[in-house]
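No lab work stands behind these numbers, since they all come straight from the coordinates. Note that this is a predicted model, so its numbers are computed, not measured. Backbone-built Cβ (ideal geometry, glycine too); neighbour counts: all protein chains shown.
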Protein chains: 2
Amino acid sequence: MFDILISHIQNKVRLTEAEKKDLQSFFSAKNLKRKEFLLQEGEVCTHLSFVSKGLLKSYFEDEKGGENINMFAFEGWWISDFKSFISQEKAVLNIDAVEETELLIITLNDYENLMLKIPVMDRYFRILYQNSLVTKDYRLIASNSFTAEEKYLEFSKKNPEVIKRIPHNLIASFLGLAPETVSRIRKKLLLKKPTLNLNPEY
Amino acid sequence: MFDILISHIQNKVRLTEAEKKDLQSFFSAKNLKRKEFLLQEGEVCTHLSFVSKGLLKSYFEDEKGGENINMFAFEGWWISDFKSFISQEKAVLNIDAVEETELLIITLNDYENLMLKIPVMDRYFRILYQNSLVTKDYRLIASNSFTAEEKYLEFSKKNPEVIKRIPHNLIASFLGLAPETVSRIRKKLLLKKPTLNLNPEY
DNA sequence: CGTCTCGTTGAGAGTTTTCAATGTAAGTGG
DNA sequence: CCACTTACATTGAAAACTCTCAACGAGACG
């Protein structure tokens, strides 16, 4: 459980044994069942969470009650309503578990103290956020310039595993499309470029 | 010139006098005239740039030659094609000057050495990127869930000064809308909610 | 004065959404 | 294990939104 966290951190920076020990004391464990909320709109986002197992989605709920998915968080990802977490103001996002999930969570105070105590964690998060910005930037371009078909194609090309794991209505929401639109695009793509049948039965 | 950089950094972290001195040695100055390129698609983004004066835009050029503006960079902002800068691969973005611009630029090597030499700069960028993520996340939500009118309204509410400084066709591109659409929205808004005339002439 | 940039307007085309109905698979409780 | 409910996907038709194309006007700049 902590191993995953440690290994993800060590992927970017080097930790001493003492620091690894230290690190653990800042986090608590939390489990969520399917559909259970980590955060609801209007609450303050008290924790930043590291996903050690499972899958979450964060989403914005519009006036009509529609879910607009903002991001998914898989094993090894961090998630929160960042704005709410940093400012300790009310959250606008909801976060819930798509699959049964195990988290390591840290409060804002501990997050800050963690970095004061283990300065290399500033570096870790700097690199993490830096990479994250690249991704968000690309998504923003796609969202503003691509057609529905391009959005879906691009997504499925970049995230083939995700397509298998997450229902298409959620993927549609993530891409800012209606589920019907995605369904029609998939149909069109299947007709155009039929799947290679690697295990023909004849 | 450096003052602005230093002051922006000190806004987030504390620097010693020695560090301030040190810092300067990592940067060079660069000026751009209106429409001059800082980076063109296909080149490698060799520098991360701090805007000490002026205004830039970064954009993605689609097949039809349309500019899809990704971000603006005002005084005190950093800009680059981050993906290209970090990986030193070819850039997909173009960056050019909207107004006459003064930059402080740093290479990837120096960027990395800077943080090794002045570790608190890891912290500075961590906080900078953290804030940036909040903004991008919000833009992503808006881009995926808002109507054209909501996008424009929201933008003009949050960035009243920007509206004055940047032509509407660029704002349209930034919002992922056609300039005609923005023009029509503005007309509609003017009719609906006429501007308060604070200086009546009668 | 001519050119270029920016903004506006209209009409038609195209894309995507919405609404409603239906089908299918999967999970739950008796 | 079956019956029932819920979640997910598909399809069609109409509506809504936004874009494209084309033309025109105004202002800035050299």
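Worth pointing out:
- Cα shape, the protein assembly as shown, gyration tensor, a/c 1.5 rule: rounded
- Degrees separating the helix A:148-158 axis from the principal Cα axis of chain A, which is the longest one: 60
- Cα centroid separation - the stretch A:62-91 against the stretch B:98-124, whole Å: 30
- The local environment of B:Glu112, defined by Cβ-Cβ distances under 14 Å, has a net charge of +2 under the rule Lys, Arg +1 and Asp, Glu -1.
- Distances in nm from B:Asn109 to the matching label points in the other copies, shortest first (labels 7 Å along Cα to Cβ): 4.6
- Label distances, nm, B:Trp77 versus same residue in remaining copies, Cβ-directed 7 Å point: 2.7
- Under the simplified labelling scheme, the A:Val92-B:Arg186 pair shows an inter-label distance of 2.4 nm, with each label point 7 Å from Cα along Cα→Cβ.
- Neighbours of A:Gln40, meaning other residues whose beta-carbon lies under 14 angstrom from its beta-carbon, give a summed charge of -4 when Lys and Arg score +1 and Asp and Glu score -1.
- Each copy carries a label point for A:Leu153 at 7 Å from Cα along the beta-carbon vector; from one copy to the others these points are 3.5 nm apart, nearest first.
- DSSP-assigned coil residues among GluC sites (Glu not before Pro) in the stretch B:140-187, each with at most 10 further Cβ atoms within 10 Å: none
- What the Cβ-Cβ distance of A:Ile4 and B:Asn131 gives, at R0 = 22 Å and to the nearest 0.05, is a FRET efficiency of 0.20.
- Size of charge dipole - the stretch A:2-118 - debye, nearest 20, with Cβ of Lys, Arg +1 and Asp, Glu -1, no other charges: 340
- Estimated vicinal HN-Hα couplings, Hz - the stretch B:117-130 in sequence order (Karplus 6.51, -1.76, 1.60; Gly, Pro = x): 7, 10, x, 5, 6, 4, 5, 4, 5, 4, 5, 4, 5, 4
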